[in-house]
Amino acid sequence: MGQNGVMILAIASGKGGTGKTTVAVNMARMLRSGVWLLDCDVEEPNAHLFLKTGSETEEVVSVLVPEVDEALCDGCGECGKFCAYHAIVSFGTTPLVFPEMCHGCGGCTRVCPRKAIREIEKRVGVITTSKSKNITLVQGRLDVGGVIAPPIIRAVKARLRQGQTAILDAPPGTSCPVIATVRGADYVLLVTEPTPFGLHDLTLAVDMVRELKIPFGVVVNRAGIGDDRVQMYCLSEKIPVLAEIPDDRRIAEAYSRGRLIVEALPEYRSLFQNLIDQTISLAKAAEKRMTHADL
Amino acid sequence: MEKGIEFMKIAFSTSGHDLNAPVDTRFGRALKFLICDPETNEYSVIDNTQNLNAAQGAGIQSAETVARSGAKALVTGHCGPKAFRVLSAAGIKVYTVEGLTVAEALDRFRAGTLVEAVSADVEGHW
C-alpha cells in the first residue's frame, strides 16, 4: 500500500452469488475520489450492469500458442512431456496442438530440440474500459468457448498504473482465476452469507488468502438469514467482520433494477462508508505489522 | 485367431474392477480403465481418479493414459472431440456402447459386432 491510503483492494468469496459485485460497486462509488474498478470475473463480468458508463474502448487480448513445423518435427515428444496442461500431445508423430488448453508459457518451444515449434498469437478475449463518474471501469471478457481466464485477468490488472486506488472484483471460488485476481492486493474482503453453504466456502477462501499471506476481513451479506455459525467461525479464527449488510428486500429490488444501494437507499451510505474506513485502517495496520516484521 | 494378425489389447472405461462391471458412459472422467487381452482374458485396471478431478483437459489426459497402456482399441460410452483427436492420432479405434458390462462388450468385440466410431459423438464438457 502506498501513501495517502492508495491501495489495491480485492473482493473475493468462496461461494458464488454472495454479493462480491454489490460490495465492489457500492464501495467504489462511496470512495468519491477517482477509483479504478477492475471486473476480473472474466467469465461473466457484471459490474457494468450497476454503473451507467459512457463510451468504451475495447482492446483484444491474445496469448501465444504453439505452431509446429511438420517438416522440422521428428516426433520426439519432448513438447508433450513438458506441457502440464496437455495443450500439446505427441505419440512419436507430429504433435497435436489444443490451443484452447494452452496457458502461453512457451515451454514447448524451448524444450524442442529441433526448434520446430514457434509461437503464434491466439485471441482469447477483450478488455473494455469505460467511465462512470468517479469510477474507471475495466472489464475483461473471455471469448465464448474459451476456458482459460488467468491471461485475461492479468491483462486487466496490467492496466493499473502505480498510485491508483483500485478495487478488484474477483470471480467466485478458490481456483486459478481467483488467485490471479487477488495476488498482489493489499487487502482482501471475503463476502459471504450466513448459511452453512456460505460458511463452508468461506473457510476454503480463508485458507486461500492465508496461503497467499494477504491480510483480509469478512463482509456478511444478507445478515439475518441462516444461522450465526459464520460469525462464530470468524470470532474463533480472529477474523474481523467489517460489515453486515442486512437481508433487506429493498436491496434486492434495487439490485434487480441495476441500481446501486448507496444511491437507491441512502440510509446504507454510512454502512459502506464505515466499511471503507475500516478496510483502509486494517490494511494500513497490516502493512505496518509487515514492515516491522521485515526490520 | 488368424495367423499373422497380432491380437491387440482393448481398453474399457469403467467404474468397477473386473469384467462384470458395467462400461462407464464417460470417457475422460471415467473412474478407471480396464485393459484386457482378449486372447487370454487377462486384464489390469488403471486408476483415473486424477483425471476425474481435473479442471480441464480430462479427455486429452485420459486418451494419453489409454495410449500409454498399449491398448489399440477403446470401448466406452461417449467420446468428446479432443479425446477423439488424441485417440485417432495414437491409432486407437473407438467403439461406443450403451448399457453393457465389460464382459458383454468384450464378447461383441470378439464377435465383430461392435461398430467403430468415426468421430466424436458428443460435444466437449457434455
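The values are calculated or read from the model by the stated rules, or taken from the named source; none is laboratory data. These numbers come from a predicted model, not from an experiment. Cβ placement follows ideal geometry from the backbone for every residue including glycine, while neighbour counts extend to all protein chains displayed. Just the protein is used for accessible areas: all its heavy atoms, side chains included, with ligands, DNA and RNA removed. Shrake-Rupley method; radii C 1.70, N 1.55, O 1.52, S 1.80 Å.
The figures follow:
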quantity	calculated
Scaled radius of gyration (Cα, divided by 2.2 N^0.38 Å) that segment A:211-290 gives	1.27
Using alpha-carbon coordinates, inclination of helix B:102-111 to the longest axis of chain B, degrees	50
Residue-level accessible surface for A:Phe197, protein heavy atoms, 1.4 Å, Å²	120
Solvent exposure ordering (accessible area, 1.4 Å, most first) of A:Lys52, A:Lys115, A:Lys15	A:Lys52, A:Lys115, A:Lys15
Whichever lysines have a C-alpha closer than 20 Å to that of B:Lys9, once near sequence neighbours (fewer than 8 apart) are set aside	B:Lys32, B:Lys72, B:Lys93
Potential extension, B:Arg110-B:Arg29 segment - 0.36 nm per residue separation minus Cα distance	26.5 nm
Threshold 30 Å² - residues in segment B:60-107 whose accessible area is reduced by that much or more when the chain is no longer isolated, probe 1.4 Å	B:Ile60, B:Gln61, B:Glu64, B:Lys82, B:Arg85, B:Val86, B:Ala89
Cysteines without a disulfide-compatible partner [the protein assembly as shown; Cβ-Cβ under 4.7 Å]	A:Cys40, A:Cys73, A:Cys76, A:Cys83, A:Cys102, A:Cys105, A:Cys112, A:Cys176, A:Cys234, B:Cys36, B:Cys79
In the A-B interface, the accessible area buried, summed over both sides, Å² (probe 1.4 Å)	1200
Once the Cα gyration tensor of segment A:56-148 is diagonalised, semi-axes √(5λ) in Å	35, 11, 10
Violating pairs (Cα-Cα greater than 31 angstrom) within the set A:Lys81/A:Lys213; A:Lys133/A:Lys238; A:Lys15/A:Lys213; A:Lys213/B:Lys82	A:Lys81/A:Lys213; A:Lys133/A:Lys238; A:Lys213/B:Lys82
MRE, 222 nm, helices only [DSSP H, n ≥ 4, -39500 (n - 2.57), over the protein assembly as shown, to nearest 500]	-9000 deg cm²/dmol
Alpha-carbon Debye profile of segment A:84-207, log10 I(q)/I(0) at 0.15, 0.16, 0.19, 0.20 Å⁻¹	-0.89, -0.96, -1.14, -1.19
Computed over segment B:9-111, the ratio Rg/Rh where both radii use C-alpha atoms and Rh is Kirkwood	0.92
Percentage, to the nearest whole number, of Cα pairs in the protein assembly as shown over 30 Å apart	55
Sulfur and carbon atoms: percent of accessible area, segment B:9-111 [1.4 Å]	45
Whole-percent carbon and sulfur share, accessible surface of chain A, 1.4 Å	52
Using a Förster distance of 41 Å, the FRET efficiency for A:Ala264-B:Arg68 (Cβ separation, nearest 0.05)	0.10
Given charges at Cβ of Lys, Arg, Asp, Glu: the protein assembly as shown dipole, positive-most of B:Pro22, A:Thr128, A:Ala180	A:Thr128
Area of B:Phe12 that stays accessible when all protein chains are in place (1.4 Å probe, Å², to 10)	0
Probe 1.4 Å - accessible area at A:His48, Å² to nearest ten	60
Gyration tensor verdict on segment A:135-200 (Cα atoms; rounded if a/c is under 1.5, prolate if a/b is larger than b/c, oblate otherwise)	oblate
